[in-house]
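Peer 1: Please see the structure below; I have some questions.
We did not get these values from a lab; they are worked out from the coordinates using the rules stated. Fair warning: this is a prediction, and the values are worked out from it, not measured in the lab. Counting neighbours? That spans all protein chains shown, and the Cβs are built from the backbone with ideal geometry, glycine included.
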Amino acid sequence: MPLVFCFCQLEDLRRYYADFSWNDYCFCVRDPSLCAERITEMIVSGMEAYIPQSFFST
């Protein structure tokens, strides 16, 4: 996998996280467990979308 591809995908991932409306989705609830669950959901969602599967395989 070309190194340039990795940088491109990581920049896209950074932009995905920066553009997401964290306050409206994750931090609008009072339950800390639900807030943590939503944060985890968004982090995993970004990883699945922008990090190739080959990074996860062992």
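Peer 1: Residue by residue through region 10-27, which ³J(HN,Hα) values in whole Hz follow from phi under the Karplus form 6.51 cos²θ - 1.76 cosθ + 1.60 (θ = phi - 60°), with glycine and proline marked x?
Peer 2: So the Karplus estimates, Gly and Pro as x, are 5, 5, 4, 5, 4, 5, 4, 5, 5, 7, 6, 7, 4, 4, 6, 9, 9, 9 Hz.
Peer 1: Moving on to the next point. Under a point spin-label approximation (7 Å from Cα along Cα-to-Cβ), what is the Cys35-Glu48 distance to one decimal in nm?
Peer 2: Result: 2.5 nm between the two label points.
Peer 1: If I model a spin label at Asn23 and Leu10 as a point 7 Å from the Cα along the Cα→Cβ vector, what separation in nanometres do I get?
Peer 2: The answer from the label model is 3.0 nm.
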